[in-house]
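J.: Just dropping this structure here.
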Amino acid sequence: MRVTTRQIVMVGLLGALVVVLGLAPVGGFIPVPTPAGRATTMHIPVILAGTLEGPVVGALVGLLFGLFSYIRNLMEPANPVAAVMFADPLVTFLPRILIGIVAHYAFRLVKWPYTRAGVAAVTGLLVADMSRRAGLLYGRGSALVTTEGAASPGLWLLAVLAGVGITVGAWFVLSGRNAGVGAAGLLGTLTNTVGVLGLATLRGYLPAQVSLTVGLLHGLPEMLVAVVLVTLLDRSIRRATQGA
């Protein structure tokens, strides 16, 4: 597959943005008191690479994201758990490379019939399931969980309402000309969160309950921020490059 001069330039520019975000005191890595240690916005240039220049450029910028994370963790780990977890190349590199690829195909496929509804529905189902699991973890001794440890009708209702709310919100976000870019921001962020935490759990670095908690605390806000920023930045970059 031939890589154009423009694509090489975009890899350099968006890769440099990854580094700038990573080096900023509060930017690419935002310190938070969780096992992951930091929330990130460094996946946003990777998503933009996928939407603007395709899966190859997206994968290359994602590789730079993974490399920067790997080096940063060796030099300044966020906490002892993160020091071990992000020293594993599989956890650090694979999800980050996939961000740009998933973002590119989400950007393209959401324009197909029924894809918009499918993306919204899947996102809502994931949120509903995470809400139910979070209720089971933190609702013991309350009306949300029965004495047998099962979800009560109230917890099921809250989970369903959360899922429906996110589904409706995603449906409207993915409307009009912002449909592809919004889907890229949504699914690109989800790839990063689920990929890192899922592999960390499978590799034995984090218990499933901890991964779920981190996913809820980081994943949902990061998805919202990514959808807004990617939509604005993608539009601005396209206008600037088309006018150049």
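J.: Quick one: which residue in GLY124, GLY169 is in contact with a Ser or Thr (Cβ under 6 Å, 6 or more places away or on another chain), farther than 30 Å from VAL11 by Cα and at pLDDT 80 or above?
T.: Only one candidate qualifies: GLY124.
J.: Looking at GLY154, GLY165, GLY141 in this structure, which one is on the phi > 0 side of the Ramachandran plot, out of contact with any Cys (no Cβ under 8 Å at 6 or more places or on another chain) and surrounded by fewer than 21 Cβ atoms within 10 Å (Cβ to Cβ)?
T.: None of the others qualify; the one that does is GLY141.
J.: Among the residues that make up segment 71-85, is at least one of them crowded, with 24+ Cβ neighbours inside 10 Å and farther than 21 Å from PHE107 by Cβ?
T.: Yes, there is a match, as at least one residue in segment 71-85 is crowded, with 24+ Cβ neighbours inside 10 Å and farther than 21 Å from PHE107 by Cβ.
J.: Among the listed residues ALA184, ALA208, ALA240, identify the single one that is among the small types (Gly, Ala, Ser) and buried (at least 17 other Cβ atoms within 10 Å of the Cβ).
T.: The match here is ALA184.
J.: While we're on this one: Run down THR147, THR167 and say which single residue is without any contact (Cβ under 8 Å) to a residue 12 or more places away in the chain, out of contact with any Lys or Arg (no Cβ under 8 Å at 6 or more places or on another chain) and among the β-branched types (Val, Ile, Thr).
T.: Only one candidate qualifies: THR147.
J.: Confirm whether ALA226 is among the small types (Gly, Ala, Ser), under 24 Å from GLY66 (Cα atoms) and open to solvent by less than 40 Å² (accessible area, probe 1.4 Å).
T.: For ALA226, the condition - among the small types (Gly, Ala, Ser), under 24 Å from GLY66 (Cα atoms) and open to solvent by less than 40 Å² (accessible area, probe 1.4 Å) - is met.
J.: From THR40, THR51, THR4, which residue is within 20 Å of the chain's Cα centre (by Cα), modelled with pLDDT of 80 or more and either closer than 23 Å to ILE237 by Cβ or of a type in the set (Lys, Arg) (or both)?
T.: Exactly one of THR40, THR51, THR4 is within 20 Å of the chain's Cα centre (by Cα), modelled with pLDDT of 80 or more and either closer than 23 Å to ILE237 by Cβ or of a type in the set (Lys, Arg) (or both), namely THR51.
J.: Which one is surrounded by the fewest Cβ atoms within 10 Å (Cβ to Cβ) among residues in segment 86-114 that are of a type in the set (Phe, Trp, Tyr) and in contact (Cβ under 8 Å) with a residue 40 or more places away in the chain?
T.: Applying the filter and picking the extreme gives TYR105.
J.: Hey, among the residues in segment 7-29 that are exposed (fewer than 14 other Cβ atoms within 10 Å of the Cβ) and at pLDDT below 80, which one's nearest to GLY219 (Cα to Cα)?
T.: Among those residues, the one meeting the criterion is GLY27.
The values are calculated or read from the model by the stated rules, or taken from the named source; none is laboratory data. Quick caveat, the model's predicted, so the values are computed rather than measured. Ideal geometry is used to build each Cβ from the backbone, glycine not excepted, and the neighbour counts take in all protein chains shown. The accessibility values were calculated without ligands, DNA or RNA, using every heavy atom of the protein model including side chains. Shrake-Rupley method; radii C 1.70, N 1.55, O 1.52, S 1.80 Å.
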